[in-house]
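Structure, as structure tokens:
The values are calculated or read from the model by the stated rules, or taken from the named source; none is laboratory data. Owing to the predicted nature of the structure, the values given are computational and were not obtained by experimental measurement. With ideal geometry, Cβ positions are generated from the backbone for all residues, glycine too; neighbour counts draw on all protein chains shown. For accessibility, only protein heavy atoms count, side chains too; no ligands or nucleic acids. Shrake-Rupley method; radii C 1.70, N 1.55, O 1.52, S 1.80 Å.
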Amino acid sequence: MTRWGNEDTVERPFPASDQKVKISLIDAQSEPLRFAKDINLADHSFVANLNAPYSEGLKYHLANETDVITAFGVTSYLGVEGTERIIQEALINGNTQLFCFSVVKYLNPTDFVELCRKCNLEVQQINELPQRAYKNQTEQERVTRTLKEKGMYTRDDEENLMTLMFLAYKKDLLSTKKAGISSTLIVANKENELLGHSCNKNPLRYSSTQWAHPWHIVLSQQHSENRAIYQKLTELHTQGAIAIGDTITAISSATPTSTDDVVHLAKLFAGEYQVTKQNLPEGQIKQTLTRIEPIINAHIVKQVPASSEALEVGLKQHGHLLVRTGQAIDDAKVLKLLTGKGKAMDYRYGNVARQKIKGTSALQVTPWSKELCILPHSELTYHTKFPKYISFVCKVPAEHGGETAIYDCAKAFDVLSPDFQAKATQHNVIFRKRYVQSSGHDRYPSWQQVMGEGSTANDFMTHFNALGYNCVQLQEEDNKVIETQLTRPLVYQYQGKKCLHSSIVGISPYWYQQVWPGKTPPLTVTWDNNEPFSIAELRHMEEALLLARISYNNWQKHDVLFLDNLRVAHGRLPFTGKRVTGALMAQPAQFVKTDEHWNVELVK
């Protein structure tokens, strides 16, 4: 397109002759082909209806003089049957190596993927981009409704008709056998251990360091829904052992009861796997996860914002800003940028007492076990006041993994099903947090952490009642427990968009079961009628957030990540080795209820 728009280059042969590439065009109309000839785009052209039998000349050209076929914007016209005819003539009966095609997103792209696989081709999704603007509101409503019903809707679908681009190719095109390397088939045994067996008939091996890539991990339903297998695969992913091009084929129930099924791996590491699904008899699903190179979609800059005003402009535009200079940035400077004309905030009302990192102004982040994934949440939004802005500073990156993963709360709301969106906007939630007097309790924080040493239960309840909480005294074993209760939104309006309140997901009971099995965690949440959230509801919200991941390919030393705490949630991926990350918070904000919805306002 750059060459066509430049008067100095438009008349030159395209591609340049030294590339030794010839381009042939096929169209049902002659006029586009004449235009292509005028601008020296094509060496050959054919006027042909690809839904009709091919001419002998076209058959010969596809089979013998074509290496790459691109079919953009035509599969909706050709359908699966017409696309299969191209594959048969060019790739199966001919010498064509690559087939690049697009499918309008709402037209069952899976059908075309399965067609490629049926024809023994490898296929990968390589991009998603707008094909055109909607013709009218009727088309927009029809398409977005279809995408929401399929669980495929994103904010990008609001303005444009989106299309998915795929690359299909013969399996031996990228074969590693030419380099003398064999691939490895991996299965699980009765003890839930993974065993690798290479294609050159090497014996079964337990150690992943002995498995040649590409891997193909094949799991039964029993193993696909087994926590030990899920944890092992998460560990292999975190360590980078599962490489680009490796695949996992898993059989699962259409309604799995486990919250640690293998397919959740692709959701946890959203954007790092391509997933295809196939329905099987008896309510089972076969899903194939292929490790792919993630697309970096974070806003990364190489210079520190010049002022708090410049930072605010960046956060209003993107919701996040990753400063990657490669050099240490003083915490005091970071805090000054965050604070602007507002105030810094501490972690007084948090779940866990946090100390400052030695020699810095930054607070230590949550000290949960490195093997755990911390679910998406927004900092302190279960309290009456919370930071509008938060920053994370990477002092020491982990050996493997450990990314402070970030998620777009507005995009997450858009991904929710229409039914759940309606329920979420019509109801509030109640956060319930439990305190005890002693600072040595295994789960509950001490109210003296908030009120100071020597404070009584009455001091604590008086303080929290004044903040707008309801307080209830409970007796749990030998401990007097005070439960604070606060109504918060499930959905709030922010910068003109509806946002999912991520902190509800962050305290899901199935997560806490990993830490305190069978015990009540310090912070819980219910619907406003006191009914608990179902696991399915929590999973639905979690997966919506995970799909809204913003990727920056992990921490580098001295990185500083600025977040708008209300627009972009954060979590943490598992890691190995030592990891030191600090947090800074500023500009107290609060939820304010109006007749129509909840808003966010700065505390004056």
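Looking at 115, 62, 107 in this structure, which one is surrounded by 15 or more Cβ atoms within 10 Å (Cβ to Cβ), touching an Asp or Glu at 6+ places or on another chain (Cβ under 8 Å) and more than 11 Å from residue 168 (Cα to Cα)?
Result of the check over 115, 62, 107: 62.
Looking at (1) under 17 Å from residue 76 (Cβ atoms); (2) open to solvent by 40 Å² or more (accessible area, probe 1.4 Å), which one does residue 145 not meet, given that it meets all the others?
Only one criterion is unmet by residue 145, namely (1).
Please specify each residue of segment 330-368 satisfying the condition of being free of Cβ contacts under 8 Å to residues at least 60 places away in the same chain and farther than 27 Å from residue 463 by Cβ.
Selection gives 330, 332, 333, 336, 341, 358, 359.
Inside segment 32-65, can you point out the residues that are assigned to a helix (DSSP H, G or I) and either assigned by the TED database to the domain that holds residue 83 or modelled with pLDDT of 80 or more (or both)?
56, 57, 58, 59, 60, 61, 62, 63, 64, listed by residue number.
Only residues in segment 92-110 that are assigned by the TED database to the domain that holds residue 140 and of a type in the set (Gly, Ala, Ser) count as the first member; pair them with residues that are open to solvent by less than 60 Å² (accessible area, probe 1.4 Å) and in a loop (DSSP other than H, G, I, E, B), Cβ under 7 angstrom, at least 6 apart or cross-chain, and list the lot.
From residues that are assigned by the TED database to the domain that holds residue 140 and of a type in the set (Gly, Ala, Ser), the pairs are 94/66; 102/73.
May I ask you to list the residues in segment 318-337 that are open to solvent by 50 Å² or more (accessible area, probe 1.4 Å) and more than 21 Å from residue 553 (Cβ to Cβ)?
330, 332, 333, 336 - these are the residues of segment 318-337 that are open to solvent by 50 Å² or more (accessible area, probe 1.4 Å) and more than 21 Å from residue 553 (Cβ to Cβ).
Out of 393, 365, which single residue is of a type in the set (Val, Ile, Thr) and open to solvent by 20 Å² or more (accessible area, probe 1.4 Å)? Step through it out loud before you land on a result.
Values: 393 fails: open to solvent by 20 Å² or more (accessible area, probe 1.4 Å).
Result of the check over 393, 365: 365.
Might you check whether a residue that is surrounded by fewer than 18 Cβ atoms within 10 Å (Cβ to Cβ) and under 29 Å from residue 489 (Cα atoms) occurs anywhere in segment 406-415?
Kept after step one, since they are surrounded by fewer than 18 Cβ atoms within 10 Å (Cβ to Cβ), are these residues of segment 406-415: none.
Among the residues of segment 406-415, not one is surrounded by fewer than 18 Cβ atoms within 10 Å (Cβ to Cβ) and under 29 Å from residue 489 (Cα atoms), which makes the answer no.
Looking only at segment 458-468, filter to residues that are open to solvent by 10 Å² or more (accessible area, probe 1.4 Å) and in contact (Cβ under 8 Å) with a residue 24 or more places away in the chain; which one of those is nearest to residue 350 (Cα to Cα)?
Here the residue is 467.
Could you please find all residues in segment 219-275 being outside any loop (DSSP other than H, G, I, E, B) and open to solvent by 50 Å² or more (accessible area, probe 1.4 Å)?
221, 222, 227, 231, 232, 235, 267, 275
Could you check, for segment 338-348, whether at least one of its residues is in contact with a helix residue (DSSP H, G or I) (Cβ under 6 Å, 6 or more places away or on another chain), polar (S, T, N, Q) and surrounded by fewer than 22 Cβ atoms within 10 Å (Cβ to Cβ)?
Scanning segment 338-348 turns up no residue that is in contact with a helix residue (DSSP H, G or I) (Cβ under 6 Å, 6 or more places away or on another chain), polar (S, T, N, Q) and surrounded by fewer than 22 Cβ atoms within 10 Å (Cβ to Cβ).
Quick check: anything in segment 465-487 under 24 Å from the mean Cα position of the chain (by Cα), at pLDDT 95 or above and farther than 23 Å from residue 238 by Cα?
no
So for segment 295-314 (the condition being part of a loop (DSSP other than H, G, I, E, B), farther than 28 Å from residue 495 by Cα, in contact (Cβ under 8 Å) with a residue 12 or more places away in the chain and of a type outside the set (S, T, N, Q)), does at least one residue qualify?
no
How about segment 65-84: which of its residues are within 17 Å of residue 24 (Cβ to Cβ) and open to solvent by 60 Å² or more (accessible area, probe 1.4 Å)?
Result: 65, 67, 68, 70, 72.
Give 58, 78, 98, 50 a once-over and let me know the one that is of a type outside the set (D, E, K, R) and in contact with a Gly (Cβ under 8 Å, 6 or more places away or on another chain).
Working: 58 fails: in contact with a Gly (Cβ under 8 Å, 6 or more places away or on another chain); 78 fails: in contact with a Gly (Cβ under 8 Å, 6 or more places away or on another chain); 98 fails: in contact with a Gly (Cβ under 8 Å, 6 or more places away or on another chain).
The match here is 50.
Within segment 394-406, is even one residue basic (Lys, Arg) and more than 22 Å from the chain's Cα centre (by Cα)?
The first filter runs over segment 394-406 and keeps only residues basic (Lys, Arg), leaving 395.
Remaining after also requiring more than 22 Å from the chain's Cα centre (by Cα): 395.
Checking segment 394-406: at least one residue is basic (Lys, Arg) and more than 22 Å from the chain's Cα centre (by Cα).
Let's see how each residue does on (1) open to solvent by less than 10 Å² (accessible area, probe 1.4 Å); (2) in contact (Cβ under 8 Å) with a residue 40 or more places away in the chain; (3) among the charged types (D, E, K, R); (4) not in a strand (DSSP E or B):
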{"position": "517", "(1), (2), (3), (4)": "no, no, no, yes"}
{"position": "538", "(1), (2), (3), (4)": "yes, no, no, yes"}
{"position": "542", "(1), (2), (3), (4)": "yes, yes, yes, yes"}
{"position": "556", "(1), (2), (3), (4)": "no, yes, no, yes"}
{"position": "562", "(1), (2), (3), (4)": "yes, yes, no, no"}
{"position": "586", "(1), (2), (3), (4)": "yes, yes, no, no"}
{"position": "589", "(1), (2), (3), (4)": "yes, yes, no, no"}
{"position": "595", "(1), (2), (3), (4)": "no, no, yes, yes"}
{"position": "600", "(1), (2), (3), (4)": "no, yes, no, no"}
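Quickly run through segment 469-499 and pick out the residues that are open to solvent by less than 50 Å² (accessible area, probe 1.4 Å), of a type outside the set (Val, Ile, Thr) and closer than 30 Å to residue 425 by Cα.
Answer for segment 469-499, where residues must be open to solvent by less than 50 Å² (accessible area, probe 1.4 Å), of a type outside the set (Val, Ile, Thr) and closer than 30 Å to residue 425 by Cα: 469, 471, 483, 485, 486, 488, 489, 490, 492, 493, 494, 499.
Please work out which residue is farthest from residue 339 (Cα to Cα), limiting yourself to segment 564-584 and to residues that are of a type in the set (A, V, I, L, M, F, W, C) and in a strand (DSSP E or B).
The qualifying residue farthest from residue 339 (Cα to Cα) is 575.
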